[in-house]
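**Q** Below is a structure I'd like to ask you about.
The values are calculated or read from the model by the stated rules, or taken from the named source; none is laboratory data. What you see is a predicted model; the values in this text were computed from it and never measured. Cβ placement follows ideal geometry from the backbone for every residue including glycine, while neighbour counts extend to all protein chains displayed.
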Amino acid sequence: RYINATTLAKAVRIEEHLIREKVISGYMPKETMIAIANIIEREDEYRGVYGDTYEQRWYEDIEKEILKSGKMVGEHLGAIGILRMQQVLKNINERVNERFYGWDVTLGVLFNLSTSDKSDTRSPALSIGGRYSHPISWSSQINSFLNVSTPFDSTFFKDVRGELGIDYIYELSNKINFIGGYRLNYTKPNVGDGYADHFLNGSFIFYMENSINLGINATLASYGLSTAKRTDFRTSVTLQYNLF
């Protein structure tokens, strides 16, 4: 089973902020963290029931769970507690990367409806895929996937295309992330030898102000047929603004 555990990671980030600001006296019980994560996950439900002012009730219910833990210093989170909670939940000046846990396997059929030029589309193909994710800690995560396809025609399992990917994500701080990744694209045509393209990349992502992200990226690529292999090293700097 493939589980999205991002809301629990957000609950942990909120806890870290509240401890640092001395809003709570220490780490909260596991049951409290799970309850907070469940409330965070129900954001759309709160929005549907309470409309534009849903955030007030959303934050209040999180505050009630924190109060029940017995770790709150005082009777309310206060302005700084609400501010820190809002920064995490709304990705203001920081970001919690998506967290996943577990694995799944898929089996399906690929159809190419059109091409970028006037060439014929490929035959429908058998597609087999899988993915696996494991959080190493609250600040790091490994994600991987594998996809293989082969057409349903006379080249079945003679013409094969595959893609393998592994990513490592490490949160250096609440505003700086490191992402390292490897990609392998394998092509085995019906006629001729197969070949593999390799891509190794690393990126530092800086979350600057609200929806503005600065990225520093480097990629080492080795691609092409074995008789004409090419190797490139590329660097780039990106500035991203998220409209929504």
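**Q** When the residues of segment 176-189 are filtered to those that are modelled with pLDDT under 95 and assigned to a strand (DSSP E or B), which remaining residue is surrounded by the fewest Cβ atoms within 10 Å (Cβ to Cβ)?
**A** Of everything passing the filter in segment 176-189, Ile176 is surrounded by the fewest Cβ atoms within 10 Å (Cβ to Cβ).
**Q** Can you tell which of Ile216, Ile136 is over 30 Å from Leu107 (Cα atoms), of a type in the set (A, V, I, L, M) and surrounded by fewer than 15 Cβ atoms within 10 Å (Cβ to Cβ)?
**A** Of the residues listed, the single one that is over 30 Å from Leu107 (Cα atoms), of a type in the set (A, V, I, L, M) and surrounded by fewer than 15 Cβ atoms within 10 Å (Cβ to Cβ) is Ile216.
**Q** Here's another thing I want to ask about it. Which of the following residues is in contact (Cβ under 8 Å) with a residue 40 or more places away in the chain and either under 24 Å from Phe100 (Cα atoms) or outside the structural domain of Leu8 (by TED's automatic domain parsing) (or both): Asn185, Asn242, Asn174?
**A** So the residue among Asn185, Asn242, Asn174 that is in contact (Cβ under 8 Å) with a residue 40 or more places away in the chain and either under 24 Å from Phe100 (Cα atoms) or outside the structural domain of Leu8 (by TED's automatic domain parsing) (or both) is Asn174.
**Q** Does at least one position in segment 120-131 carry a residue that is in contact (Cβ under 8 Å) with a residue 60 or more places away in the chain, closer than 27 Å to Leu243 by Cα and either among the acidic types (Asp, Glu) or out of contact with any helix residue (DSSP H, G or I) (no Cβ under 6 Å at 6 or more places or on another chain) (or both)?
**A** The answer is no; no qualifying residue exists.
**Q** If you don't mind, another one. Considering each of Ala228, Ala218, Ala196 in turn, give the residue that is hydrophobic (A, V, I, L, M, F, W, C) and free of Cβ contacts under 8 Å to residues at least 12 places away in the same chain.
**A** That would be Ala228, the only listed residue that is hydrophobic (A, V, I, L, M, F, W, C) and free of Cβ contacts under 8 Å to residues at least 12 places away in the same chain.
**Q** Answer yes or no as to whether Phe157 is exposed (fewer than 15 other Cβ atoms within 10 Å of the Cβ), aromatic (Phe, Trp, Tyr) and at positive phi.
**A** Criteria met by Phe157.
**Q** Then there is this: Can you name the helices (runs of 4 or more DSSP H) wholly within segment 1-120 that have at least 2 residues being closer than 30 Å to Ser149 by Cα and of a type in the set (Phe, Trp, Tyr)?
**A** It comes to none.
**Q** Hey, can you tell me all the residues within segment 22-55 that are β-branched (Val, Ile, Thr) and either in contact with a Leu (Cβ under 9 Å, 6 or more places away or on another chain) or surrounded by 14 or more Cβ atoms within 10 Å (Cβ to Cβ) (or both)?
**A** Scanning segment 22-55 gives Val23, Ile24, Thr32, Ile34, Ile36, Ile39, Ile40.
**Q** Assuming Asn112 fulfils every condition listed in (1) of a type outside the set (Ser, Thr, Tyr); (2) surrounded by fewer than 16 Cβ atoms within 10 Å (Cβ to Cβ); (3) farther than 27 Å from Gly181 by Cβ apart from one, which condition is it?
**A** (3)
**Q** Select from segment 209-237 the residues that are in a strand (DSSP E or B) and over 30 Å from Pro189 (Cβ atoms) and list them in ascending order.
**A** Across segment 209-237, the qualifying residues are Glu209, Ile212, Asn213, Leu214, Gly215, Ile216, Asn217, Ala218, Thr235, Ser236, Val237.
**Q** Now, a different point. Within segment 88-109, can you find the residues that are within 18 Å of Ile62 (Cα to Cα) and surrounded by fewer than 17 Cβ atoms within 10 Å (Cβ to Cβ)?
**A** Lys90, Asn91, listed by residue number.
**Q** Out of (1) free of Cβ contacts under 8 Å to residues at least 12 places away in the same chain; (2) of a type in the set (S, T, N, Q); (3) closer than 25 Å to Phe100 by Cα, the odd one out for Thr53 is which?
**A** If we test Thr53 against (1) free of Cβ contacts under 8 Å to residues at least 12 places away in the same chain; (2) of a type in the set (S, T, N, Q); (3) closer than 25 Å to Phe100 by Cα, just (3) comes out false.
**Q** Which one is farthest from the chain's Cα centre (by Cα), of the residues in segment 126-175 that are assigned to a strand (DSSP E or B) and charged (D, E, K, R)?
**A** Of everything passing the filter in segment 126-175, Arg161 is farthest from the chain's Cα centre (by Cα).
**Q** Next up: What tally of residues in segment 161-218 results from selecting those that are touching a strand residue (DSSP E or B) at 6+ places or on another chain (Cβ under 8 Å) and among the acidic types (Asp, Glu)?
**A** So the answer is 4.
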